[in-house]
Structures are given as structure tokens and as C-alpha cells.
1. Residues that are among the small types (Gly, Ala, Ser), at least 3 per element: which helices (runs of 4 or more DSSP H) completely within region 206-268 meet that?
2. Pairs needed: first member in region 180-197, of a type in the set (Asp, Glu); second member anywhere, open to solvent by 60 Å² or more (accessible area, probe 1.4 Å); C-beta distance under 9 Å; at least 6 residues apart or different chains.
3. Can you tell me which condition THR401 does not meet? The list is (1) surrounded by 13 or more Cβ atoms within 10 Å (Cβ to Cβ); (2) out of contact with any helix residue (DSSP H, G or I) (no Cβ under 8 Å at 6 or more places or on another chain); (3) at pLDDT 85 or above, and all the others hold.
4. Keeping to region 104-121, report how many residues are in contact (Cβ under 8 Å) with a residue 60 or more places away in the chain and open to solvent by less than 50 Å² (accessible area, probe 1.4 Å).
5. Of a type in the set (D, E, K, R), open to solvent by less than 30 Å² (accessible area, probe 1.4 Å), in contact (Cβ under 8 Å) with a residue 24 or more places away in the chain and under 30 Å from GLY233 (Cα atoms), is that true of ASP210?
6. Quickly run through region 83-123 and pick out the residues that are among the polar types (S, T, N, Q) and on the phi < 0 side of the Ramachandran plot.
7. Can you find even one residue in region 63-71 that is over 20 Å from the mean Cα position of the chain (by Cα) and crowded, with 17+ Cβ neighbours inside 10 Å?
Amino acid sequence: MLQEHSDEDYIRSLDVDAAKIGAIRHTEGPLLIIAGPGSGKTKTLVEKVVYLLAFKDVKPENIMVSTFTEKAARELISRISDRLIQLGNTTNVNDLYIGTLHSIFLRLLEDHREHTTLNKNYRILDSFDLQYLIYKHIRLFDEIDPHERLIKHKFNGWAKAELVIKHVSKIGEEGISIAQLKASDTDELKVMADFYGIYRNLLVGQNALDFTYIQTAFLELLEKHPSVAQSLGEQFSYILIDEYQDTNTIQEKILFKLLLPARQNICVVGDDDQGLYRFRGATIRNILTFTSHFPADKCKIIRLQTNYRSHPEIIRFYNNWMEQTVDFEWGQFRYQKTMKPPQNKKFPKHPAVLKISDTDNKDEWESRVFDFITFCKSEGVITDYNQICFLFRSVKSDRVTSLINSLTKKGISVFAPRSDMFFTRDEVMTAIGLLLLVFRSIDSILLAGKVNDEDIHNYYGLCRDHVAHIIRSNGIEHEELKKWLVTDFFQRIN
């Protein structure tokens, strides 16, 4: 291993603020880094790993780094490798444990497969594979749902399988055991215990894992085989977790199983204001209660509060909004932070935010929006109109509909799939009209009175007329389609 830079030379070369230097140099003991938006948390993570490898002589196999996506993991590896090369360091980064938590847990499961139920050549099931597996065995779940509270209200096996997955995934993400569910006084939870048992048996029988069960299998490995947990705890001298606000309960349990009491070098990075994945089982509680896992004042907190990405006006708006939120106490729900722009960075003088007021005259407002869009295009700020996105509380209001019509008339097409105008677009009416002409059974259903909504009848009629007009207006181009429709019509009436 070569090294061309001293510790002090390296720190001076970073050109970062004191908070980042403190985060990079803090290597012993737990560390919570609250990284606000645009504050350079990826750079901090990269340099922290580089510092451990190049200046603390930590072996790469003793470092675990978790990111939220595989793409982010690849970027992290690339940036760490580049920095080490710049420093003249020849460490092999392939020996680092870098990836998503799922990928790292799977790698460790494979390393200790002899202690699991997995056999050689096991499979990883994607969402469709898992749903199909449960669908094929749905009768097993039907038989243990006597109260018709969990899945029997669904009419078909495929929908039931989807609901089963929802239930068992939630159990897995929370790290709840079958014994805990069976001990409940609630009938539904006892049924879910049986569901989870069948689901697990199906996976074992198939020699397979799914996305959720990877975590469950790894936690069970650590709990049932303390020697494995001890060995991994000794191996991983340093654990670094990115996007900690988006971790779930079972992931937190696993991470603390990997920490030895005498060596708790875990660094988590995240921002409680950016918790986005509750729908996938993530809990903001993990980052808010992280410090409580350690003795008082033993966990250092560092806040990265310089936003290098956003215009000062946007940063000011963010801070003001958080401060002026009334009738709500943020203290127990977030870490206090005040973001600021970098001192020496120059920003464009034109406004970063275009205020669109509801009190503006409608015609004047539409004109100003159009002028702003065309200005951005003419000045090269954008190269295509689809680089502009409008955010409204609702896209179905008269004001928004009027704006869409105004821009469309001036040659700027607008895509608003949730607006009432979606079904009036030419391409949508053409597609539906063609489907109605090709699949004539839809007509018979309507005529039989199985669909009673008059608006649907009328809309389908408009779509058919729309397609008919297109065919008639250019008979030569659509001659083949016209012949097929006529032939199909005569075949059906004869």
C-alpha cells in the first residue's frame, strides 16, 4: 500500500466546512450525521471511507457501507476508488462490503449458508414470482381464514395472493415472530401467524428467498447462531449507513446485532425531513431514536447545514416554512436544523421561484406563465418544454384547465394525465375508439344494460365517431383498416 499524502495534507485538500471535517475524522464510537438537502452527504461518506482506508489503516473487508440503491452503491465504489488513486493508495475496494442492506445481508447469508435452510442454487423470487407461488397455493390460506377478515372478501385467487403478500411483508419488515403473533388476543393476528408460517414453508420448499425474507433469514441466522453474530461483529469494525431515515424495524435490529458492546463504531447518515418510504415499511423512528441506543452523551451528532445545490431563495423559503408552522411542536418529530447557502458560491440573479398567486387576473397570469416558459426556452435554460413541471394542489380546477387550454393554443403541449382533459386528448380518444371497434363485445355489454352510466355510453360513442372521422378523412392511408372493419361487420351480422 502506497501513500503520498499526510493526514493534514489530505484534510486541507478537501476544501469543506468544519462540520464535514468533524464527520470525516470521527471514527470511534457512534455518530449520527443529520445531512440536510444538498449538503454533500455522499461526499462526506466517500471521504470518511477513504480516511479509514488511507489514514487509519483499516482493511476494506472490515468496513460495511449501506446505500439505498444499487446505483448509489456503484457510484460510491467508483468515487472511493478514484479518491484513493488520487492519494496514491493501492487498496482494493472490491473487498469493501458496499451495497444496499438487502444485497449485503444476502452476501452474508451466502457466506454462512450452512447455518440456514438454504440449499445450493437457491432462487431469489421477484414480486411476480412470489405472487404466482402464493396464488398456486391459495387454498392453503383460504382454509385458515375462517373469519373472512383478511382475504376471503377478495373474489379471485390472484387478488388474494396480493393481499397475502401485503400481510406477510409487513410482518417481515417489523421483525415480528410467529410466536408473538400467536400470543396475541386478536383473531386476525393469529390468522396472520398461520399465513406467515405457510409463506415461510413455501419459500423453504422452493429453496427460495424473496425481497423481505432475505432480512428475516439473516436476523434468524444471527439470533440462532451467536457465534456467527460474534464473528461478523468482530469482522465489521466500522458500519456506515446512508439514508437511515428510510430504514425499517428489522434492519435496525440486524444492525445492532452486528455491533459488539466494546466496539460500537456505527455512523448513520440521513435527514428526518426526507423520510419518503413509509409505504415500504420504513420508519422515521429509527433516526429519531438512534442516540437512545447508547449511554447518555456517547453518541455524537453532527449537522451538515450548508445546502450547495439550491438557490438561496429556495433555502430561505424552506427555513421560513419550518419555522412558521403553527400549532405544531416539531421537537419530538425532527432534529432542529437551519439550512444556509455556501458563502462563496455565485448564484444567477434571475428568480429561482416563480410565484403564481390565486389573486392574479386569470388572463394576466396565463400570459406571465407563457412569457416565462418562452423566455427559458429562448435563453437556453431549457432545451425542451418537457423539462418544465407544474405542481398544483389539483389539476382538475377551472384555473388549471384554462391554463392548459391557453398553453395548448399557443403551441405548448401539456401532459396532465389526472386532469379531466386526459380523456379528451386526440391520441386517447383514438386509442379507445380503435379498441371499441376491434373488440365489439364491449358494445354488447353496453346494449345489454350491464353498464348503466350514461356518460360512459356517450363517451364511447364520441370515441367511435372520432376514429370513424379519422378513417374517412384519409381513406387512402387507412384503406386496409377500413376493409377489415367492413369485413368484420358483415361476418358478425351473417
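The values are calculated or read from the model by the stated rules, or taken from the named source; none is laboratory data. Since we're looking at a predicted model, the values are computed, not measured. Every residue, glycine as well, gets a Cβ built from its backbone with ideal geometry; the counts of neighbours run over all protein chains shown. These area figures cover heavy atoms from the full protein model, side chains too; ligands, DNA and RNA do not enter into them. Shrake-Rupley method; radii C 1.70, N 1.55, O 1.52, S 1.80 Å.
1. On the way: elements: 211-224, 226-235, 249-257.
Output list reads 226-235.
2. Correct list of pairs: ASP187/PRO146; ASP187/HIS147; ASP187/ARG149; GLU188/HIS147; GLU188/ARG149; ASP194/LYS182.
3. Exception for THR401: condition (3).
4. Residues in region 104-121 being in contact (Cβ under 8 Å) with a residue 60 or more places away in the chain and open to solvent by less than 50 Å² (accessible area, probe 1.4 Å): 7 in total.
5. Details: of a type in the set (D, E, K, R): yes; open to solvent by less than 30 Å² (accessible area, probe 1.4 Å): yes; in contact (Cβ under 8 Å) with a residue 24 or more places away in the chain: yes; under 30 Å from GLY233 (Cα atoms): yes.
Yes.
6. Going residue by residue through region 83-123, those that are among the polar types (S, T, N, Q) are 86, 89-92, 94, 100, 103, 116-117, 119, 121.
Of everything in region 83-123, those that are among the polar types (S, T, N, Q) and on the phi < 0 side of the Ramachandran plot turn out to be GLN86, ASN89, THR90, THR91, ASN92, ASN94, THR100, SER103, THR116, THR117, ASN119.
7. First pass over region 63-71, keeping only residues over 20 Å from the mean Cα position of the chain (by Cα): 63-64.
In the following step, the residues that additionally are crowded, with 17+ Cβ neighbours inside 10 Å were identified as 63-64.
Looking for residues that are over 20 Å from the mean Cα position of the chain (by Cα) and crowded, with 17+ Cβ neighbours inside 10 Å, one finds at least one in region 63-71, hence yes.
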